Amino acid sequence: MSSFSLLSSTIPSTKNTKISFSRSPKTLSHNRFKVSCNANTATDDDNKQKASQSLEINQQNNNVDRRNVLVGLGGLYGAANLSSIPSAFAVPIQAPDNISLCVNAHAGIGNMTDAVKGVACCPPVPASDPVTGDAIAPPLYQLPPRPTTLRTRPTAQAAANDPVYLAKFMKAVKLMKALPDDDPRSWNNQGKIHCAYCNAGYTQEKSGFDTVNMQVHNSWLFFPFHRWYLYFLERIMGSLLGDDTFALPYWNWDNTDAMTGFPTAYELSMPSDTGGRPSPKNNPLFDGFRDATHVTATVDLQGGFVGTDEAMKNNNLAVVHDQMSVVGIAPFFGGLLSAGPRPTTMPGGSIEAGVHTRIHIWTGNPRMPNNEDMGNFYSAGYDPLFYCHHANVDRMWYLWKTVLNGGNNIDPTTSECGVDNPDPGCQLAGDWENSSFVFYDENKNLVRVKSGDCVDIEVMGYTYADSDISPWLNYSSTPHAAGSNIAADSIGKVKKVDELKFPLSIAETVKFLVKRPAVNRSHKEKKGTREILMINGIEFDGSAGFKFDVLIDDVDDGTPINASDSEFAGTFEQLQHGVGGSMKMTTGAMFGITGLLEELKADGDEYILVTIVPNYGCEKVTIGDVKIELLKIRR
Ligand code: C2O
């Protein structure tokens, strides 16, 4: 179990490990963020439960007496841990069989009247057993045989330029919007799915924890849940169109050609059915709750970047490169979450916490009370752009697996992990592959799907049309001041971590020295074990957002450091959580520094100089601990 200790912190972030083939970038841009309902929201509830020791454990599905185990582990839950529970006792998270147990959204929602999209997020309930009157458990979904023609998801730009495709796509959305409320395929019901799985509609009662909420963000459930979500939406559209090759478009914000504004099809003005002045309101892909100032603006994937559009696009490539270059299961997928209470520091993976959250925030309307629609998880699923954005997020997972790291990245399945794989994600692989969700399929049948059944998109019947990835794939960051020796020169002037008083405020820029566990490790060692900077116990008030950047060995000569500079370890950004109210929350951050230190020619240094630069909202934010650990990822 020693391998878990490293993970003891939390959030992975962005800049994690760099990939061997590229040695470049360092940047990782910010990472983490959460749109308002994330894991931390659920955590808030969970924490209350922990505090009151009121865990009620429903044993019926378990083999182990978890009650004893959990009571004895009180201290462990308080600590920052990447995994939620020791593997010997783990149980996968499963959505309930009886979806009539779903309740209105509440986690993170303090002021109901502010929730303009409403908190009724539960799906229509299927017919119960005619004889017993009991709910019928949804059967495990079997993928249809792989079709001869894969559904090929086009880029949003290609979609906009193809009138035949576009007309079909718009028709599908329109048909869904016209379906009645008791039809689970309706647009409204599809949008609710996100809210139900994010804002505490369901509990983990099927896994034995009827007081712990389901949460599909900020952990390794993120990728599989959203893949299945889009899978069924796409099939519903195809079935309404009578076209089983229909595929959703993807917003390739990782391509410089697509970094300007929202994809055009989603903002087009159209005449109404009866003619008249064209308006976006007649476009089924339009959503009035978007940031109107971004319709033609350049996307800022770092957040807070200052510079020309050209420079911003270039910097965006660095951001994507860094977030895609992480290796190891937890840094990419997010914290290893099993059933039960969630540690307060459970992190999201690099893409989730990074570009994924950034685009949500960038798209949502900041003038709405809760950044509706895309800027808040409870409302995001109602915007057609959600699915276009998430198709690209899904594609990032596909690329990470098939292209990045020389094809050596693995999913957390027992078969891909093999025996004795040291990656902590492999030790809990069974809990990832057996985690499951329930969805309605295109025939209105409720089915249960497993994460382990969605690892191969072609087996699922779809793929992605090409979009050039070479600019970010081959991106190289440049050091601002390599070989500066700044850490050694700062000894005596800047405090070392063990001389600091924690909790440490980050209201102002703070600098400190952190000792490294090892220096000048061999190439082989670095391939198997990555060096990670952990910032643990980040405490904040969830009712306000904040963002800070982390720089390594910055010489502080007045030049701003961005993702395209080697010194930029990453960003941590937190969106306002929930809807009204105030809540104390804790999280953590994790930054890979292996490649960055090589670029800075600082790999022989005993200490690194860490600078935490608050961007906004950090007045009351504190951190609890900082350290560097070595994360094993392979032998
Ligand atoms: Cu479920 Cu983009 O979030």
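Quick notes on this one:
- Subset of the stretch 336-351 (residues that are part of a loop (DSSP other than H, G, I, E, B) and more than 10 Å from the chain's Cα centre (by Cα)): LEU337, SER338, ALA339, GLY340, PRO341, ARG342, PRO343, THR344, THR345, MET346
- Meets criteria (at pLDDT 95 or above and either closer than 30 Å to GLY528 by Cβ or in contact with a Ser or Thr (Cβ under 7 Å, 6 or more places away or on another chain) (or both)) for ASN434: yes
- Of all residues in the stretch 366-403, those satisfying the criterion of being closer than 21 Å to CYS122 by Cβ and of a type in the set (S, T, N, Q) are ASN370, ASN376, SER379.
- Boolean, SER379 is in contact with a Ser or Thr (Cβ under 7 Å, 6 or more places away or on another chain) and buried (at least 24 other Cβ atoms within 10 Å of the Cβ): no
- Test: THR357 is assigned by TED's automatic domain parsing to the domain that holds HIS194, under 18 Å from the mean Cα position of the chain (by Cα), at pLDDT below 95 and part of a helix (DSSP H, G or I): yes
- For the stretch 514-528, filtering for residues that are within 17 Å of ASP553 (Cα to Cα) and either outside the structural domain of LYS493 (by TED's automatic domain parsing) or assigned to a helix (DSSP H, G or I) (or both) leaves 0.
- Assessment of the stretch 364-374 against the conditions (within 16 Å of the ligand (Cβ to nearest atom), under 17 Å from THR571 (Cβ atoms) and buried (at least 24 other Cβ atoms within 10 Å of the Cβ)) yields no matching residue.
- In the stretch 593-613, the residues that are in a loop (DSSP other than H, G, I, E, B), at pLDDT 95 or above and touching an Asp or Glu at 6+ places or on another chain (Cβ under 7 Å): LEU600, ALA602
- Residue check: ASN314 meets all listed conditions (1) in a loop (DSSP other than H, G, I, E, B); (2) in contact (Cβ under 8 Å) with a residue 40 or more places away in the chain but one, namely (1).
- Within this structure, THR571 fails the test of being modelled with pLDDT under 95, part of a loop (DSSP other than H, G, I, E, B) and on the phi < 0 side of the Ramachandran plot.
- Search result, residues across the stretch 375-396 that are more than 8 Å from the ligand (Cβ to nearest atom) and of a type in the set (A, V, I, L, M, F, W, C): LEU385, CYS388, ALA391, MET396
The values are calculated or read from the model by the stated rules, or taken from the named source; none is laboratory data. Since this is a predicted model, take the numbers as computed values, not measurements. All Cβ positions, even for glycine, are placed from backbone atoms using ideal geometry, and neighbour counts span all protein chains on display.
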